[in-house]
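> Supplied in structure tokens, the structure appears directly below.
The values are calculated or read from the model by the stated rules, or taken from the named source; none is laboratory data. Note that this is a predicted model, so its numbers are computed, not measured. Quick reminder, even Gly has a Cβ in these numbers, built from the backbone with ideal geometry, and neighbours come from all protein chains shown. Each accessible area value is taken on the protein alone, full model and side chains, heavy atoms only, with ligands, DNA and RNA left out. Shrake-Rupley method; radii C 1.70, N 1.55, O 1.52, S 1.80 Å.
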Amino acid sequence: MEKMGEVEPSLEVFFEEKKRKRNPFVPVGAFLTAAVLTAGLISFRQGNSQLGQKLMRARVVVQGATVALMVGTAYYYGENPWKKS
């Protein structure tokens, strides 16, 4: 029976050996998403619902682009650790 908090040894080795690649655009996209969300919420609070709605739509676009960057980066640099060689 496994104890809580124990990690499978093969996963530990995998994470130690794997070189992490980072895309500098992902944090920028996350920041832009948060900024547009904040601006949209402020706009709604001030009663400008048309601008708020446009900002919420822009947030969805920016958030989608950020997720696409994350998935693309993982696909480009990633390896499948469970794939048999």
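> Ordered by packing density, taken as the mean number of other Cβ atoms within 10 Å over each peptide's residues, highest first, how do 23-30, 52-59, 70-77 rank? Mind dumping the intermediate values first?
Values: 23-30: 14.1, 52-59: 16.1, 70-77: 11.9.
Descending mean neighbour count gives 52-59, 23-30, 70-77.
> Next up: Go through segment 27-32 residue by residue and turn each phi into a ³J(HN,Hα) via Karplus (6.51, -1.76, 1.60, θ = phi - 60°); whole Hz please, and just put x for glycine and proline.
In residue order, the calculated couplings are x, 5, x, 5, 5, 4 Hz.
> Leaving ligands, DNA and RNA out of it, report the carbon-plus-sulfur percent of the accessible area of segment 27-66 at a 1.4 Å probe.
Numbers: 1860 of 2790 Å².
Its accessible area is 66 percent carbon and sulfur atoms.
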